[in-house]
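Notes follow once the structure below has been shown.
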Amino acid sequence: MNSTNLEYFVTLAEELNFTQAARKLYISQQALSKMISKLEEKLGIALFDRSTPLRLTTAGQVFYQSAKKILINMDECTRRLQEIKDFTRGNLSIGISVTRGTVLLPQILPKFHRLYPNIHISIFEGQMTTDVDQALNDSMVDLSITHAPVIPNHIVSVPLYKETYMLVVPNDLLYNAFSKEEIEDMLIHPPSIGLFRDFPFIAQETITVGGEFFFDLCNEADFVPNILYTVQNILTELNLCISGAGACTIASTFLPMLTEYEYYNHPYLNIASVTCIKLQTNLESRPLAINYIRGKILTDASKSFIELAKECFIK
């Protein structure tokens, strides 16, 4: 049994279709079928139930988990040896949510590239934090930039910073509800979100970190918010807010989208039409962190990226 046998088996186990697996492996269906039969003969047990549709047997499921881990470890070993041989070359994969990546990656990737121009970086962009967490758990990425997990278990987190939350309010709503003096005071002395309990809100879904924290803020202030729209993407949330639909909360990471023109250039929306107000709260947000799987050997490229991220983001 060699790595080729394992690769062929794992591919078929994931595709569960001989034709598709053979095409992916660039071999004939007959050659793949013959190799799988020999593997089953060597192991003395059936790995696939060849009825329609093709399925893994119980033994096949167990073998798949082990084979997958072996291939991942072999790949890591090969990469590690290559980096020891020549650290100036190599690969690094990073997972981050799409919106957070638009703000954070431009701050660090150009610096990393200048230091290590021959290290290729591939970015996995998840629509939500949960997508990025899953990619890390499945070893699709070496590192992830997300919030540190509540229960670390098999994850090692290197904290970068804690996010604060801002309330973004359309000026029309704000100035209709408060005097100029009251608004100036809010900008100096952060208020509770409860002060805006009568405002309409745009909220992220509770499956997102931002959405969960918004509802925690409302619970802390002891009110049920009037939710006009529920969205997943923070850019949609911000655009609706800027259009005047309602107020929303955003993490401080995304503040550049509203304060720096190069981040936000929308042909139909005017960012000057909203006001950002820091909120007073006793709630603790989870720190944004670089995460990796506990026990996984970090390559020199990964270590260097972590150190550079700490320099960029830890104030």
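The values are calculated or read from the model by the stated rules, or taken from the named source; none is laboratory data. Model, not experiment: these values are computed from the prediction. Backbone-built Cβ (ideal geometry, glycine too); neighbour counts: all protein chains shown.
Numbers below:
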quantity: Residue in segment 80-89 that is within 30 Å of residue 288 (Cβ to Cβ), at pLDDT below 90, assigned to a helix (DSSP H, G or I) and not aromatic (Phe, Trp, Tyr) present; calculated: yes
quantity: Output for segment 42-79, where each listed residue is surrounded by 12 or more Cβ atoms within 10 Å (Cβ to Cβ), among the hydroxyl-bearing types (Ser, Thr, Tyr) and without any contact (Cβ under 8 Å) to a residue 40 or more places away in the chain; calculated: 57
quantity: Matching residues in segment 164-217 - criterion: being surrounded by 14 or more Cβ atoms within 10 Å (Cβ to Cβ), more than 33 Å from the chain's Cα centre (by Cα) and part of a loop (DSSP other than H, G, I, E, B); calculated: 178
quantity: Residue within segment 219-235 that is buried (at least 18 other Cβ atoms within 10 Å of the Cβ), under 22 Å from residue 132 (Cα atoms), within 17 Å of the chain's Cα centre (by Cα) and not β-branched (Val, Ile, Thr) present; calculated: no
quantity: Some residue of segment 69-91 being under 30 Å from residue 207 (Cα atoms), in the same structural domain as residue 301 (by TED's automatic domain parsing), among the small types (Gly, Ala, Ser) and under 28 Å from the mean Cα position of the chain (by Cα); calculated: no
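Conditions (1) assigned to a strand (DSSP E or B); (2) at pLDDT 90 or above; (3) over 30 Å from residue 48 (Cα atoms), marked per residue:
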residue: 73; (1), (2), (3): no, no, no
residue: 77; (1), (2), (3): no, no, no
residue: 95; (1), (2), (3): yes, yes, yes
residue: 112; (1), (2), (3): no, yes, yes
residue: 136; (1), (2), (3): no, yes, no
residue: 139; (1), (2), (3): no, no, no
residue: 150; (1), (2), (3): no, no, yes
residue: 153; (1), (2), (3): no, no, yes
